[in-house]
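Okay, structure first, notes after.
Please treat every number below as a calculation from the coordinates, not as lab data. Note that this is a predicted model, so its numbers are computed, not measured. Note that each Cβ is placed from the backbone with ideal geometry, even for glycine, and that neighbours are counted across all protein chains shown.
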Amino acid sequence: MNIIEQIGVIIGITYLGEIISRAISLPIPGPVIGMLILFILLYFNFIRVNSIQLFSELLLSNLAFFFIPPGVGLISAMDTLSGNWLKLIAVIIITTILTIVTTGWTVDYVIKRGEKNAR
């Protein structure tokens, strides 16, 4: 697949997630549902990794650019955040720890599952 087709696949799946999110009125953002759909499609080999690899690599190599708008938003909201630094730091620390623990458990599960399947 060329890169234009790959962009179409990724954007189409993201759009499908958005449609599902709005149709069912889920509190989950459409792009998150789109990522779950993409994961399911990849897991069950409806889509091969190499069919979206070029665009995925392009997105990952330019990932830093996606953090610029939220950074500007934080700077523009500095007045609102100024009185809540302790709460903000506590939330950042707690969510970082939860993310690390959850990622560790997930990786451990996937490794153990892979070892079971290898036998």
Exclusive hit being under 25 Å from Val110 (Cα atoms) and either among the aromatic types (Phe, Trp, Tyr) or surrounded by 12 or more Cβ atoms within 10 Å (Cβ to Cβ) (or both), set Ser56, Ser21: Ser56
Residue count for the stretch 59-97, restricted to those that are surrounded by 10 or more Cβ atoms within 10 Å (Cβ to Cβ) and under 24 Å from Gly8 (Cα atoms): 1
Number of positions in the stretch 1-41 that are among the polar types (S, T, N, Q) and in a helix (DSSP H, G or I): 3
